[in-house]
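Here the structure is laid out as C-alpha cells; the discussion comes afterwards.
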Amino acid sequence: MSEHPLKTLIEAADRSISAKDFDGLMRFYTDDATLVVKPGMYAKGKDQIKSAFEAISSYFDGTLKVRQGKMEVIEGGETALVVMETLLDTTDEEGAPISTVRRATYVFRREPDGNWLCAVDNSYGTALLDS
C-alpha cells in the first residue's frame, strides 16, 4: 500500500519548522487556518500562525526539531483527519536534549486544484481535554 500524500506534505512542513522557514511553512495552510499554540491559545490565519511559529522557535532558542511517528489518515470527501505522533526534539537551558511525543490531530482540506492544505493544526490532540 502506498503512503498517503499527506505524509509527504507533513514531512515537508516539519522540515520547514525545523529549518525556521516560516514563510515557506505558510504554503501548507489555508488562509483561514487555526493553530493551537498551547491549550487555550489559538492563532488564526496565516499572519498569526507565522508569528506564533516565530515565537515558539524563539522560546526554544531555535533548537526545536519536529519529526513524525505513527500516522493514520481518515478521509471524508474533501476533508482529511490526521491522527499522528508528533515528535519534538529540543534542548533545556543547559543544552541537554529533550524529546517529547504528542498525539496530534490535524484537519486538512483538499483544494479545487487537488492540493491538501491544513485547516486545523493541533499538535496537542486530545490532551486539550486535560487542560
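The values are calculated or read from the model by the stated rules, or taken from the named source; none is laboratory data. The model shown is predicted, which means the values in this text are computed figures rather than measured ones. Note that each Cβ is placed from the backbone with ideal geometry, even for glycine, and that neighbours are counted across all protein chains shown. Heavy atoms of the whole protein, side chains included, go into the accessibility calculation; ligands, DNA and RNA do not. Shrake-Rupley method; radii C 1.70, N 1.55, O 1.52, S 1.80 Å.
Could you check region 1-91 for strands (runs of 3 or more DSSP E) lying wholly inside it with 3 or more residues that are among the aliphatic types (A, V, I, L, M) and in contact (Cβ under 8 Å) with a residue 24 or more places away in the chain?
Strands (runs of 3 or more DSSP E) meeting the threshold: 29-38, 65-76, 79-91.
Scanning region 57-69 for residues that are open to solvent by 60 Å² or more (accessible area, probe 1.4 Å) and either touching a helix residue (DSSP H, G or I) at 6+ places or on another chain (Cβ under 7 Å) or among the basic types (Lys, Arg) (or both), which turns out nearest to Ile17 (Cα to Cα)?
Across region 57-69, the extreme among qualifying residues is Lys65.
If Ile10 satisfies every condition in (1) over 17 Å from Arg109 (Cα atoms); (2) among the β-branched types (Val, Ile, Thr); (3) open to solvent by less than 30 Å² (accessible area, probe 1.4 Å) but one, which is the exception?
(1)
Determine which single condition Ala19 fails, assuming it passes every other condition in (1) open to solvent by 60 Å² or more (accessible area, probe 1.4 Å); (2) out of contact with any Asp or Glu (no Cβ under 8 Å at 6 or more places or on another chain); (3) closer than 16 Å to Ser123 by Cβ.
Evaluating Ala19 over (1) open to solvent by 60 Å² or more (accessible area, probe 1.4 Å); (2) out of contact with any Asp or Glu (no Cβ under 8 Å at 6 or more places or on another chain); (3) closer than 16 Å to Ser123 by Cβ leaves (3) as the failure.
Hey, among Glu72, Glu54, which residue is open to solvent by 50 Å² or more (accessible area, probe 1.4 Å) and more than 23 Å from Lys7 (Cα to Cα)?
Of Glu72, Glu54, the one residue that is open to solvent by 50 Å² or more (accessible area, probe 1.4 Å) and more than 23 Å from Lys7 (Cα to Cα) is Glu54.
State whether the residues of region 23-36 include one that is at pLDDT below 95, open to solvent by less than 50 Å² (accessible area, probe 1.4 Å) and within 17 Å of Gly125 (Cβ to Cβ).
Our first condition is that a residue be at pLDDT below 95; within region 23-36, this holds for none.
There is no residue in region 23-36 that is at pLDDT below 95, open to solvent by less than 50 Å² (accessible area, probe 1.4 Å) and within 17 Å of Gly125 (Cβ to Cβ).
Suppose we keep only residues that are more than 18 Å from the chain's Cα centre (by Cα) and open to solvent by 50 Å² or more (accessible area, probe 1.4 Å) within region 108-118. Which one would you say is nearest to Ile56 (Cα to Cα)?
Out of the qualifying residues, it is Glu111.
Pairs please, first residue from region 117-131 and in contact (Cβ under 8 Å) with a residue 60 or more places away in the chain and part of a helix (DSSP H, G or I), second anywhere and open to solvent by less than 20 Å² (accessible area, probe 1.4 Å) and aliphatic (A, V, I, L, M), Cβ atoms under 8 Å, 6+ apart in sequence or on different chains.
Leu128/Val36
Taking into account only those residues within region 75-95 that are of a type outside the set (Val, Ile, Thr), farther than 14 Å from Tyr29 by Cα and touching a Leu at 6+ places or on another chain (Cβ under 9 Å), which is most open to solvent (accessible area, probe 1.4 Å)? Walk me through it before giving the result.
Step one: filter region 75-95 for residues of a type outside the set (Val, Ile, Thr), giving 75-78, 80-81, 84-85, 87-89, 92-95.
Subsequent filtering for residues that are farther than 14 Å from Tyr29 by Cα retains 75-78, 81, 84-85, 87-89, 92-95.
Next, from what is left, pick out any that are touching a Leu at 6+ places or on another chain (Cβ under 9 Å): 75, 88-89.
Values: Glu75: 92, Leu88: 26, Asp89: 33 Å².
Checked region 75-95; the qualifying residue most open to solvent (accessible area, probe 1.4 Å) is Glu75.
Is region 96-107 home to any residue that is free of Cβ contacts under 8 Å to residues at least 40 places away in the same chain, loosely packed, with under 11 Cβ neighbours inside 10 Å and on the phi > 0 side of the Ramachandran plot?
No, that holds for no residue.
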